[in-house]
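What follows is a set of notes on a single structure, which appears directly below.
The values are calculated or read from the model by the stated rules, or taken from the named source; none is laboratory data. Keep in mind the model is a prediction, meaning the values are calculated, not measured. Glycine also receives a Cβ, built like all others from the backbone with ideal geometry; neighbour counts cover every protein chain displayed. Only protein heavy atoms, including side chains, enter the accessible area calculation; ligands, DNA and RNA are left aside. Shrake-Rupley method; radii C 1.70, N 1.55, O 1.52, S 1.80 Å.
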Amino acid sequence: MLTKMTHKQILWGMILLYIAVFGTITALRHYNFQTQAWDLAAFVQSFWNASEGRGLVNNLEQVHNHLGLHFSPGLFLLVPGYVIFPSPYYLLIIQTIALALGAWPLFLLAKRMLPSRWPLIIAGAYLLYPSLHWANMYDFHEITFFVPLMLAALYFLEEQKWGWMAIFLALAASLKEDAILAVMFVGVYLLIKKRWKIGLPIVLLSLVYFILGVKVFMPA
């Protein structure tokens, strides 16, 4: 029987293989002119302007500032990397890495709740999931980063590590204006589990964040 250490080694081998394969595929798509203005070019221009201190602005989307189209302040966390590697390939590769790393919290979550043979199978199924591949190959979108962040938040929820859960929920919410609605239902789940002191603030703060984002920040 495979040892726990071997399970982890196989998992990280699968993660690295995924990064190598889909990093190459997405890079070759761009190299062969198969990427598009929507959304890769719009994000490339937005990141270039942000790296120059002008914010996430571009002249391709319906509004000049990307945050007016989609409230995604979490994208600013990727700007330092773009400063170091100012290229569309940076966005494609960092997206691939993020999606691949989603297998790690999913493995830990499955390991906590299922028999020993299942975590590796579930993590492998995640990395083989066609919809994940499609999201990875269809240029660049901020919402793809929601997947690993929410998986990490759910793992820390089950571990009752509330501080880490809050950090990852906040990061997940920062990716798009409607992502906060998924975060809100994490609060609803906690209310069902009778974790009122944790679940209720999440629900209320999520609603406030959504209203402010859509009615105040995006129009501004």
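So the values come out like this:
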read-out	value
Candidate lysines - alpha carbon under 18 Å from K193, same-chain residues fewer than 8 apart omitted	K161
Carbon + sulfur, % of accessible area of region 1-109 - ligands and nucleic acids excluded, 1.4 Å	70 percent
Residues of region 78-192: accessible area per residue with a 1.4 Å probe, Å²	45 Å²
Relative contact order (percent, whole number), region 157-220, Cα cutoff 8 Å, 6+ residue spacing	26 percent
Total formal charge among the other residues, if their Cβ is under 13 angstrom from that of D39, Lys/Arg +1 and Asp/Glu -1	-2
Column: log10 I(q)/I(0), Debye, Cα scatterers of the chain, q = 0.15, 0.17 Å⁻¹	-1.06, -1.25
Accessible surface of region 114-217, 1.4 Å probe, proportion on carbon and sulfur as whole %	76 percent
Volume in Å³ per residue [convex hull over Cα atoms, computed for region 1-123]	128 Å³
Gyration tensor (alpha-carbon) shape descriptor, region 81-181, a/c threshold 1.5	oblate
Dipole of region 1-155 [Lys/Arg +1, Asp/Glu -1 at C-beta], most positive-end residue of F76, G23, Q45	G23
Residue order for S116, S51 - accessible surface, 1.4 angstrom probe, largest first	S116, S51
Nearest-10 value in Å² for the accessible area of I143, using the 1.4 Å probe	60 Å²
Sequence-separation-based contact order of the chain, relative, with Cα cut under 8 Å and 6+ spacing, percent	21 percent
Region 79-209, relative contact order [Cα under 8 Å, separation at least 6], %	18 percent
Furthest towards positive pole of dipole, A172, Q9, T144, structure part the chain, Cβ charges	Q9
Centre separation in Å (Cα based) which lies between region 1-62 and region 178-220	28 Å
Cα-based reach from K111 at 13 Å (exclusive), listing aspartates and glutamates while leaving out same-chain residues under 8 positions away	E158, E159
Region 52-62 - phi-based ³J(HN,Hα) in whole Hz, Karplus 6.51/-1.76/1.60, Gly and Pro as x	9, x, 9, x, 7, 10, 7, 10, 10, 7, 5
Sequence ranges 123-136, 161-174, 95-108, ranked by mean other-Cβ count within 10 angstrom, highest first	95-108, 161-174, 123-136
Under 22 Å from K176, Cα to Cα: lysines that are on another chain or at least 8 residues apart	K215
3J(HN,Hα) from dihedral phi, region 98-103, Karplus parametrisation 6.51/-1.76/1.60, rounded to Hz, x for glycine, proline	4, 5, 4, 5, x, 5
